[in-house]
Amino acid sequence: MGAVAEDGSRVVGSHSHPTDATRGPEAIVTDLVAMSQQTLAALASEDPSATVLGVGVGAPGPLDRHAGVVLLTPNLGWTNMPLRARLGEGLGLTAALDNDANCAVLGEAWVGAARQGRHIIGMTIGTGIGGGIVLDGRLHHGASDCAGEIGHVTIDLDGRRCGCGNYGCLEAYASGPAIARRAVEQIESGAESALVQMVGGNLALITAQTVYAAAEEGDEVADEVVSTTARYLGAGLANLVNIFNPDLVVIVGGVTQAGEKLFVPLRREVARRAFKPAVQACTIVPGTLDGLAGVYGAARAFLDQRAEGMV
């Protein structure tokens, strides 16, 4: 989180903390309020004349922006959580809620790698896979705030079970945990890999970041996992390129650490599967705001919702 200037020119007092889903939603909201207060104190110290307009928050969905309620979060276990009201009451500020992936894509579209685009498809890759769709410069939410759930497009009818309960979702193959899991499966089936030494023999410590690092060093197992991940992501994106004909695709999250080892085969897979005119019109880039894309985007979501009279 952080305090964002109204024009998006800077962030003050930014910091982060891992979310422990086992503690439950109320404990997490208490943490969010305390962390927000730390950010506000840092802002007051740096710029005593600053006025705080409100608070924007991004959360996994599905959610109801108008009611400010998180309806369901498969990876956190929340149901019908009135997050907007809890944060607003805790901080004494007007609050706005949007999907976390929407926020990350909106941040990149506002001040990041996607700011030159008008029709943008964004994908966020971390614990899960999320997405956001910007059409003609405006974030598209759909009829019930569910637009952009890219991680839950089906890429294998009888595939791996996803946290959402479905089978064969893109998230079940190409999210951070899925990348680590596929590497572990190969090692457990007998493949030799430097990943074993990198985690001191404890395969439970393998993460997507470990896999990226090993691939960079030329490890065959890690390289194959990254290459296959690129194909999965490329297949999912090709569908969206054909449907929405974007001029820009931005990919946000830790997966960008894989660099060109991921992006070269990903772009190749999109070009192989999508219509040529759509591919020629589209640029695929990594995000540039690192861990702050969602912070910028949540602030922008607040400004937009305030302008629309939603908050």
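Of all residues in region 126-157 being under 19 Å from E108 (Cβ atoms) and of a type in the set (A, V, I, L, M), which is surrounded by the fewest Cβ atoms within 10 Å (Cβ to Cβ)?
L135
For the condition in contact (Cβ under 8 Å) with a residue 12 or more places away in the chain, among the β-branched types (V, I, T) and not in a loop (DSSP other than H, G, I, E, B), what is the one hit in T39, T19, T79?
T39
Whether any residue in region 233-248 is under 30 Å from V196 (Cβ atoms), modelled with pLDDT of 95 or more, part of a loop (DSSP other than H, G, I, E, B) and not small (G, A, S) is what I want to check.
No - not one qualifying residue is present in region 233-248.
Just checking, which of I133, I129, I120, I125 is of a type in the set (A, V, I, L, M), at pLDDT 95 or above and within 14 Å of the chain's Cα centre (by Cα)?
On inspection, the qualifying residue turns out to be I133.
How many of the residues making up region 272-311 are of a type outside the set (K, R), more than 24 Å from A5 (Cβ to Cβ) and surrounded by fewer than 17 Cβ atoms within 10 Å (Cβ to Cβ)?
So the answer is 5.
The values are calculated or read from the model by the stated rules, or taken from the named source; none is laboratory data. Since the model is a prediction, treat every value here as computed from it, not as a measurement. Positions of Cβ are generated from backbone atoms using ideal geometry, with glycine treated the same way; all protein chains shown enter the neighbour counts.
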